[in-house]
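Chemist: Take this structure first; my questions come after.
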Amino acid sequence: MTTPDLRRLEQFVAAMEEPSLAAAAARLHLSQQALSAALRQLERELGTPLFTRSGRRLAPTAAARTLYDGAPSLLSGARLLAARARDAGAQRRRPFVVGRSPAVTAEEAYEILEPLIAQDDPPSITVRELFPSAMVAELREGTIDLVLRRGAALPDQLAGSTLAYHPLRVALHRDHGSAGRERLALAELAASPIVVWAPPHASFYTDFLVAQCRRAGFEPDLLINHVQGTPPATAVLAAPHAAAFVTGPPGERFGGRVTVLELDDAPQVPVQALWLPHTTDPVRAALLAAYPPA
């Protein structure tokens with residue numbers, strides 16, 4: 001039994017991800033016969049069947065599903081390593097690219113990255129907003145090196161660590177009945193719709209916010225905000241009767257149209273770093289070293 005090479009793994013991943021052998025072969029620019037032969041060779045190398053075959057359709061076995069759990073990340077890691085080797089050979093210093101979810105503000109991302117920025121020879125860093133649906137794909141493609149998001153549980157096929165916690169606050173429109181207050185208890189928001197950016201079970205952050213409301217004794221009336229990419233406090237500009245949870249500092253926003261209030265019983269919201277498993281990166285290692293696990 002031998003270890004499969006990367007080309008064979010790439011062919012296997014295509015067969016797992018495409019709806020048919022023909023589609024997988026087209027993706028790889030191979031004939032179906034060549035791809036079928038490659039998959040059979042992979043099965044011989046591993047010493048176990050990966051697919052049951054019915055005509056031109058393949059059904060993955062338990063062994064195939066186990067192999068697929070790690071294969072895409074392994075392939076991505078190999079591509080990233082090759083790209084870094086080429087950069088080193090050309091004496092290029094590529095930037096460290098960080099994707100931040102809309103729930104992590106640019107200011108918060110900067111604060112988290114400050115240990116890198118403060119180094120004697122700091123790396124070049126690029127931070128850009130990235131929606132959760134694109135995080136895994138961009139990490140695999142190597143267009144970003146690290147993700148910062150609100151989360152605790154690890155998504156499938158990624159590695160991660162919690163770097164920081166920020167207190168939850170609430171943004172209210174100036175016409176909201178509680179806008180004149182200095183602070184609120186979470187339970188006092190029971191009568192206000194709560195603006196979120198994704199439905200429950202589609203976002204860890206939404207699920208986290210719903211859980212906090214339930215702990216405060218009420219079931220939130222959720223209002224989905226369909227504007228992406230603007231500061232979280234803008235959510236109440238189009239919904240003056242609603243409330244939006246934010247992590248930015250208290251005070252007025254947008255010419256006094258919005259105010260951010262402290263919560264008496266504010267929960268702490270985690271910021272999680274995510275990256276591809278089976279990969280190494282000295283810049284990432286330096287950042288994680290500044291945030292040792294509690």
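Chemist: Using only Cα atoms, locate the centre of region 236-279 and the centre of region 149-211, then give the distance between them in Å, rounded to an integer.
Modeler: One Cα centre to the other: 7 Å.
Chemist: In addition: Using bins 5 angstrom wide from zero, how does P(r) for region 87-210 break down, in % of all Cα pairs?
Modeler: 2, 8, 16, 18, 17, 13, 10, 7, 5, 2, 1, 1, 0
Chemist: To check you understand DSSP bridge types, tell me what percent of the beta bridges within the chain (both residues inside) are antiparallel, rounded to 5. Kindly include the intermediate steps, with their values, before the conclusion.
Modeler: Values: 28 of 43 bridges.
Here the antiparallel bridges make up roughly 65 percent for the chain.
Chemist: Okay, moving on. Would you mind classifying the chain by shape? Square roots of the alpha carbon gyration tensor eigenvalues, ordered a ≥ b ≥ c; an a/c under 1.5 is rounded, otherwise it is prolate if a/b is larger than b/c and oblate if not. Please list the in-between numbers first.
Modeler: Values: a/c = 2.83, a/b = 1.80, b/c = 1.57.
Prolate, because a/c is 1.5 or more and a/b exceeds b/c.
Chemist: Given LEU21, THR105, THR247, which one lies farthest toward the positive end of the charge dipole of the chain, if we put +1 on the Cβ of every Lys and Arg and -1 on the Cβ of every Asp and Glu?
Modeler: Final value for the positive-end residue is LEU21.
Chemist: If you don't mind, there's one more thing I want to ask. Using a Förster distance of 45 angstrom, determine the FRET efficiency expected from the C-beta separation of ASP265 and ASP120, and round it to 0.05. Don't skip to the answer; put the middle values down first.
Modeler: Values: r = 42 Å, r/R0 = 0.94.
About 0.60, to the nearest 0.05.
Chemist: While we're on this one: Among the trypsin sites (Lys or Arg not before Pro) within region 1-62, which fall in a DSSP loop and have no more than 12 other Cβ atoms within 10 Å of their own Cβ?
Modeler: Values: sites: ARG7, ARG8, ARG27, ARG40, ARG44, ARG53, ARG56, ARG57; in loops: ARG56.
Sparse-neighbourhood loop trypsin sites (Lys or Arg not before Pro): ARG56.
Chemist: I would also like to ask the following. Using a Förster distance of 30 Å, how high is the FRET efficiency between SER161 and ALA190, based on the Cβ-Cβ distance and rounded to 0.05? It would help to have the intermediate numbers written out before the result.
Modeler: On the way: r = 35 Å, r/R0 = 1.16.
So, using R0 = 30 Å, E works out to roughly 0.30.
Chemist: A further question follows. What is the calculated FRET efficiency for ARG215 to GLN33, with r their C-beta to C-beta distance and R₀ = 51 Å, to the nearest 0.05?
Modeler: Working: r = 59 Å, r/R0 = 1.16.
Efficiency, rounded to the nearest 0.05: 0.30.
Chemist: Tally Lys and Arg at +1 and Asp and Glu at -1 over the other residues with C-beta under 13 Å from the C-beta of ARG214: what net charge comes out?
Modeler: On the way: positive: ARG215; negative: ASP207, GLU219, ASP221.
Every neighbour counted, the sum reads -2.
Chemist: Work out the length of the dipole vector of region 169-266 about its Cα centre, built from +1 on the beta-carbon of each Lys and Arg and -1 on the beta-carbon of each Asp and Glu, and round it to the nearest 20 debye. Can you show the working numbers first?
Modeler: On the way: 8 positive and 10 negative charges, 39 e Å.
Here the size comes out at about 180 debye.
Chemist: Right, next: Filter the trypsin sites (Lys or Arg not before Pro) in region 192-294 to those in DSSP coil with at most 14 other Cβ atoms within 10 Å of their Cβ, and list the result. Mind showing how you got there, number by number?
Modeler: Numbers: sites: ARG214, ARG215, ARG253, ARG257, ARG284; in loops: ARG257.
Counting only loop positions with at most 14 other Cβ atoms within 10 Å, none of the trypsin sites (Lys or Arg not before Pro) in region 192-294 qualifies.
Chemist: Using only Cα atoms, tell me the angle between helix 106-117 and the longest principal axis of the chain; keep it within 0 to 90° and round to the nearest 10.
Modeler: 60
Chemist: Sticking with this one: Mind ranking THR279, THR143 by accessible surface for me, highest first, 1.4 Å probe?
Modeler: On the way: THR279 25, THR143 65 Å².
In descending accessible area the options line up as THR143, THR279.
Chemist: Using Cα atoms only, what is the angle between the long axis of helix 62-89 and the major principal axis of the chain, expressed in degrees (0 to 90) to the nearest 10?
Modeler: That works out to roughly 80 degrees.
Chemist: Which shape class, rounded, prolate or oblate, goes with region 6-89 when its Cα gyration tensor gives a ≥ b ≥ c as root eigenvalues, a/c under 1.5 marks rounded, and past that a/b bigger than b/c marks prolate?
Modeler: Details: a/c = 2.31, a/b = 1.70, b/c = 1.36.
Here region 6-89 falls in the prolate category.
Chemist: Taking K and R as +1 and D and E as -1, what net charge do the other residues with C-beta under 11 Å from the C-beta of THR162 add up to? Walk me through the intermediate numbers first.
Modeler: On the way: positive: ARG149, ARG150; negative: none.
Local charge sum for THR162: +2.
Chemist: Kindly express, to the nearest 10 degrees and within the range 0 to 90, the angle between helix 6-17's C-alpha long axis and the longest C-alpha principal axis of the chain.
Modeler: 60
Chemist: Work out the length of the dipole vector of region 6-89 about its Cα centre, built from +1 on the beta-carbon of each Lys and Arg and -1 on the beta-carbon of each Asp and Glu, and round it to the nearest 20 debye.
Modeler: Details: 12 positive and 7 negative charges, 34 e Å.
I would put it at about 160 debye.
Chemist: If you don't mind, another one. Under the rule a/c < 1.5 gives rounded, and otherwise a/b versus b/c splits prolate from oblate, where does region 169-266 land using the Cα gyration tensor? Write down the numbers at each step before the final one.
Modeler: On the way: a/c = 1.66, a/b = 1.17, b/c = 1.43.
Oblate.
Chemist: Here's something else I'd like to know. Residue by residue through region 240-245, which ³J(HN,Hα) values in whole Hz follow from phi under the Karplus form 6.51 cos²θ - 1.76 cosθ + 1.60 (θ = phi - 60°), with glycine and proline marked x?
Modeler: x, 8, 9, 10, 10, 7
Chemist: Put +1 on the Cβ of every Lys and Arg and -1 on every Asp and Glu Cβ in the chain; which of THR230, LEU46, TYR291 then has its Cα farthest towards the positive end of the dipole?
Modeler: LEU46
Chemist: Find out how many positive minus negative residues lie around VAL271, taking Lys and Arg as positive, Asp and Glu as negative, among other residues whose Cβ is under 10 Å from that of VAL271.
Modeler: On the way: positive: ARG100, ARG149, ARG150; negative: GLU108, GLU111.
So the surrounding residues net to +1.
Chemist: Ok, one more. Determine the gain in length on full extension of the stretch ALA202-SER133; use 0.36 nm per residue of separation and subtract their C-alpha separation, reporting nm with one decimal. Kindly include the intermediate steps, with their values, before the conclusion.
Modeler: Numbers: separation 69, 0.36 × 69 = 24.84 nm, distance 0.94 nm.
Contour length minus Cα-Cα distance gives 23.9 nm.
Chemist: Now for a different question. What is the dipole size for the chain, taken about its Cα centre, with +1 at each Lys and Arg Cβ and -1 at each Asp and Glu Cβ, in debye to the nearest 20?
Modeler: Details: 29 positive and 30 negative charges, 227 e Å.
That gives a dipole near 1080 debye.
The values are calculated or read from the model by the stated rules, or taken from the named source; none is laboratory data. Quick caveat, the model's predicted, so the values are computed rather than measured. No Cβ is skipped: glycine too gets one built from the backbone with ideal geometry, and neighbour counts run over all protein chains shown. Note: accessible area is taken over every heavy atom of the protein model, side chains too, but ligands, DNA and RNA are not part of it. Shrake-Rupley method; radii C 1.70, N 1.55, O 1.52, S 1.80 Å.
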